[in-house]
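Please read the structure below before turning to the comments.
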Amino acid sequence: MDAFITYLFLGISLSAPIGPINAAQLDKGARFGFTGAWLIGLGAMCADLLYMLLIYFGLAHFLTTPFMKTFLWLFGCFVLIYTGIDTLRNVQKTQEANSRDAQSSGVSSFRSGFIMALTNPLNILFWLGIYGSILAESVQNYGLTQVLWHTSGIFAGILLWDVAMATLASSFHKFGNRTTLQTISVIAGLSLIGFGMYFGYQAYKQLTG
């Protein structure tokens, strides 16, 4: 049980640093409430699961080749800048979402979280480094059962942080006034564009380096 709690805190630590996922969760939560923010985190978690499976089956190293890294930086740049601009365009809609908007937002929230996490090379390198070392140690010292137990702890931590972020973001939706919600959306949109520009710069360095 101690190991599970240790890896649960590791999962929280992996999710806690401010990045495009957290920025997108704050925006969706402020505009649409808990579900939109939670689905972004759930989409990102599914991308994490995909990378974990690739690492487990030894198929992830092709993602670190120069071509794939450049492609992912560029695609991630496009996704983040597009999402950021779309967020700024929809600032006026913070309190005008009807049920159809909310339903379509749920689908787009999951898709956005999945694509943002999937196309983030930092995410790939992070999982290769962290989960790869955990996998190697657990298989060598404990066996497959402990690998699954440790992995469950990591995902429990990620899910716990996801719920916490969605709850925080939805509190702005419930209690914030129009100006507060619009300010959060503007900050989130600019943050996403900023992350996208950083991704673009990394792609440029990869191409010219």
Helix 144-175 sits off the longest principal axis of the Cα atoms of the chain, rounded to the nearest 10 on a 0 to 90 degree scale, by 10 degrees
Of the accessible area of the chain, computed with a 1.4 Å probe and all protein chains kept, carbon and sulfur make up a percent value of 69 percent
Shape descriptor, segment 114-209: equivalent ellipsoid semi-axes (Cα gyration tensor, sqrt 5λ, whole Å, largest first) stand at 33, 24, 6
Residue span Phe9 to Phe78: 0.36 nm per residue of separation minus Cα-Cα distance leaves a gain in nm of 21.6 nm
Length-normalised contact order of the chain, Cα under 8 Å, at least 6 apart, in percent, tallies to 48 percent
For the chain, longest principal axis from Cα atoms; helix 2-15 axis from its Cα atoms; angle between them, nearest 10 degrees, is 50 degrees
Calculated from DSSP helices alone, with each H run of at least 4 adding -39500 (n - 2.57) and the total divided by the residues of the chain, [θ]222 nm to the nearest 500 comes to -30000 deg cm²/dmol
For the chain, longest principal axis from Cα atoms; helix 20-32 axis from its Cα atoms; angle between them, nearest 10 degrees, is 40 degrees
For volume of the Cα convex hull per residue in Å³ the list reads (i) 112; (ii) 146; (iii) 305; the calculated value is entry (i)
With the 1.4 Å probe rolled over protein heavy atoms, the chain has an accessible area per residue in Å² of 51 Å²
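If you only keep lysine pairs separated by 8 or more in sequence, or across chains, how many in the chain come under 25 Å at the Cα atoms?
4
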In terms of the alpha carbon gyration tensor, root eigenvalues a ≥ b ≥ c, rounded if a/c is under 1.5 and otherwise prolate when a/b exceeds b/c or oblate, segment 1-91 is oblate
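The values are calculated or read from the model by the stated rules, or taken from the named source; none is laboratory data. It should be emphasised that the depicted structure is a prediction, and the values quoted were computed from it without experimental measurement. Only protein heavy atoms, including side chains, enter the accessible area calculation; ligands, DNA and RNA are left aside. Shrake-Rupley method; radii C 1.70, N 1.55, O 1.52, S 1.80 Å.
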